[in-house]
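*Asks:* Pasting a structure here, questions to come.
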Amino acid sequence: MTAEQISEYFGTKNSTVSNKASQIKDIFNLWHFNPEFSTQVMTENNPFNNMVMVDGFIVPLDYDT
């Protein structure tokens, strides 16, 4: 659902919905591909699984130098 649909349903302002969504995200430390809240399929398809940090740069594991 969009923030607009949620605010329309509850009769609130869009900014209120967005602010509450941000608070929920912060409270639960939500981020894309968070393993605590991801399904097995999401974890297996995580594009960061094949990445490593090298000298401050994120590079694919199969990167040839």
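*Asks:* In degrees, nearest 10, range 0 to 90: what is the angle between the Cα axis of helix 14-27 and the longest Cα principal axis of the chain?
*Replies:* Here the helix axis deviates by roughly 50 degrees.
*Asks:* Note the full-extension length gain between Asn29 and Asn50 as 0.36 nm times their separation in residues minus their Cα-Cα distance, in nm to one decimal.
*Replies:* Extra length available between Asn29 and Asn50 comes to 5.3 nm.
*Asks:* Ignoring everything except DSSP H segments at least 4 long, calculate the 222 nm mean residue ellipticity for the chain; use -39,500 (n - 2.57) per segment, divide by total residues, nearest 500.
*Replies:* On the way: 3 runs with 27 residues, N = 65.
For the chain, the value works out to -11500 deg cm²/dmol.
*Asks:* For the chain, what mean projected area does the convex hull of the alpha carbons give, in nm²?
*Replies:* Averaged projected area of the chain's Cα convex hull equals 6.8 nm².
No value in this document is a laboratory result; all are computed from the given coordinates. Quick caveat, the model's predicted, so the values are computed rather than measured.
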